[in-house]
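**Student:** Following this message is one structure expressed as structure tokens.
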Amino acid sequence: MKMLEVKRLSMFFGGLAAINDVSFAITKGEILGLIGPNGAGKTTLFNVIDGFYTPTRGEVFFKDEKISGLKPHQICALGVARTFQVVKPLQRMTVSDNVVASAFLRAKTKAQAEGIALESIEFTGLADDLDVLSKGLPLGKRKRLEIARALATQPELLLLDESFAGLNPTELNESIEIIRKIKARGITIMIIEHHMRVIMSISDRIVVLSYGEKIAEGTPKEIGNNPLVIDAYLGEAQSA
């Protein structure tokens, strides 16, 4: 089953094509990596998928329903959640309250929202920080809080925008395990990441963008040895 399908998507800002004629699909339950040099259009693509931008051309389908043109809250309600490259929690609120706010997308009562939030917080390893103000968290925990907030909306598709950037090796390993556990729950994942060890180890397939265009798509092994990708981005062959 196709969880997400992007058809000939283009996004222009004035005369600049941030994305140009990009097409791909994500199958239910898989992890799709999205890589490419800075300025390749990766975050713009996420912004189109989740409704922050309306595409100049092309369409986006979620479970065969057209979502391009819908508002972000409508797309989230359908089951698409995301994290952001620059994490911006509700800084004057606790970890718990940050996640409870997201849980109200599905919850009918405060008690239900608190239950959903607690489960997401424990899942992401933040149980000891329930009452900590989010502005006081170190970067690694703020990244996990971002994932917990997204999970509290109970998505079927999770878009992760550089959730590993700036993490130390221990935090990287912890976050990789969280992503694998999310996949084990049956949640489909699309992830933007520059850390090649991460993207090669967790992705089922990878799409590569360069200057707004898709230049390659395939398994980690295929992408790691693709001459065009090596020349445009990797610099040298990568092992899966």
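The values are calculated or read from the model by the stated rules, or taken from the named source; none is laboratory data. Nothing here was measured: the structure is a model prediction, and the numbers come from that model. Because the Cβ atoms are built from the backbone with ideal geometry, glycine has one as well, and the counts that use them run over all protein chains shown.
**Student:** Of all residues in the stretch 135-178, which are under 17 Å from the mean Cα position of the chain (by Cα) and in a loop (DSSP other than H, G, I, E, B)?
**Tutor:** Selection gives A152, T153, Q154, P155, E156, E162, S163, F164, A165, G166, L167.
**Student:** Look through R8, R57 and report the one residue that is modelled with pLDDT of 95 or more, of a type outside the set (S, T, Y) and at positive phi. Please lay out each step first, then the result.
**Tutor:** Values: R57 fails: at positive phi.
Sole residue among the options that is modelled with pLDDT of 95 or more, of a type outside the set (S, T, Y) and at positive phi: R8.
**Student:** Residues of the stretch 1-30 being of a type in the set (A, V, I, L, M) and part of a strand (DSSP E or B), which ones? Outline the logic, then answer.
**Tutor:** Of the stretch 1-30, the ones of a type in the set (A, V, I, L, M) are 1, 3-4, 6, 9, 11, 16-19, 22, 25-26.
Passing the criteria: M3, L4, V6, L9, M11, L16, A17, A18, I19, V22, A25, I26.
**Student:** Report, by residue number, each residue of the stretch 205-222 that is more than 20 Å from T43 (Cα to Cα) and in contact (Cβ under 8 Å) with a residue 60 or more places away in the chain.
**Tutor:** P220
**Student:** In addition: Based on this model, can you work out whether P155 counts as more than 13 Å from G33 (Cα to Cα) and either β-branched (V, I, T) or touching a strand residue (DSSP E or B) at 6+ places or on another chain (Cβ under 9 Å) (or both)? Write out each step before concluding.
**Tutor:** Working: more than 13 Å from G33 (Cα to Cα): yes; either β-branched (V, I, T) or touching a strand residue (DSSP E or B) at 6+ places or on another chain (Cβ under 9 Å) (or both): yes.
Yes.
**Student:** Next up: Of everything in the stretch 7-30 that's among the aliphatic types (A, V, I, L, M) and within 15 Å of I191 (Cα to Cα), which residue is surrounded by the fewest Cβ atoms within 10 Å (Cβ to Cβ)?
**Tutor:** Kept after step one, since they are among the aliphatic types (A, V, I, L, M), are these residues of the stretch 7-30: 9, 11, 16-19, 22, 25-26.
From what is left, the residues that are within 15 Å of I191 (Cα to Cα) are 25-26.
Values: A25: 15, I26: 21.
Going through the qualifying residues, I end up with A25.
**Student:** A further question follows. Tell me which residues, restricted to the stretch 143-185, are surrounded by fewer than 20 Cβ atoms within 10 Å (Cβ to Cβ) and basic (K, R).
**Tutor:** R180, K181, K183, R185, listed by residue number.
**Student:** So is I147 of a type outside the set (D, E, K, R), at pLDDT 95 or above and more than 26 Å from M1 (Cβ to Cβ) or not? Quick ask: steps written out before the conclusion?
**Tutor:** Details: of a type outside the set (D, E, K, R): yes; at pLDDT 95 or above: yes; more than 26 Å from M1 (Cβ to Cβ): no.
No, not satisfied.
**Student:** Show the residue pairs that are 6+ apart or on different chains and have beta-carbon atoms under 9 Å apart, the first residue being within the stretch 184-202 and basic (K, R), the second being assigned to a loop (DSSP other than H, G, I, E, B).
**Tutor:** R197/Q238
**Student:** While we're on this one: If I filter the stretch 56-70 down to residues being touching a Phe, Trp or Tyr at 6+ places or on another chain (Cβ under 9 Å) and of a type outside the set (V, I, T), which single residue comes out as nearest to G125 (Cα to Cα)?
**Tutor:** First, the residues of the stretch 56-70 that are touching a Phe, Trp or Tyr at 6+ places or on another chain (Cβ under 9 Å): 56-57, 67-68.
Checking the rest, the ones that are also of a type outside the set (V, I, T) come to 57, 68.
Values: R57: 41, S68: 34 Å.
Across the stretch 56-70, the extreme among qualifying residues is S68.
**Student:** Additional query: Hey, which of the strands (runs of 3 or more DSSP E) in the stretch 31-130, taking only ones fully inside, have at least 3 residues that are in contact with a Leu (Cβ under 6 Å, 6 or more places away or on another chain) and surrounded by 22 or more Cβ atoms within 10 Å (Cβ to Cβ)? Give the derivation first.
**Tutor:** Values: elements: 31-35, 57-62, 80-82.
By residue number, 80-82.
**Student:** For K181, only one of the following conditions fails: (1) modelled with pLDDT of 90 or more; (2) over 16 Å from the mean Cα position of the chain (by Cα). What is its number?
**Tutor:** (2)
**Student:** Restricting the stretch 17-59 to residues that are out of contact with any Gly (no Cβ under 9 Å at 6 or more places or on another chain) and among the β-branched types (V, I, T), which is farthest from V229 (Cα to Cα)?
**Tutor:** For the stretch 17-59, the residue satisfying everything is T56.
**Student:** Filter the stretch 208-237 down to residues that are part of a loop (DSSP other than H, G, I, E, B) and not small (G, A, S) and give me whichever is nearest to the chain's Cα centre (by Cα).
**Tutor:** At the first step, the residues of the stretch 208-237 found to be part of a loop (DSSP other than H, G, I, E, B) are 211-212, 219, 225-226, 235-237.
Add one more test, that the residue is not small (G, A, S), and what stays is 211, 219, 225-226, 236.
Values: Y211: 20, T219: 19, N225: 25, N226: 24, E236: 26 Å.
Among those that are part of a loop (DSSP other than H, G, I, E, B) and not small (G, A, S), it is T219.
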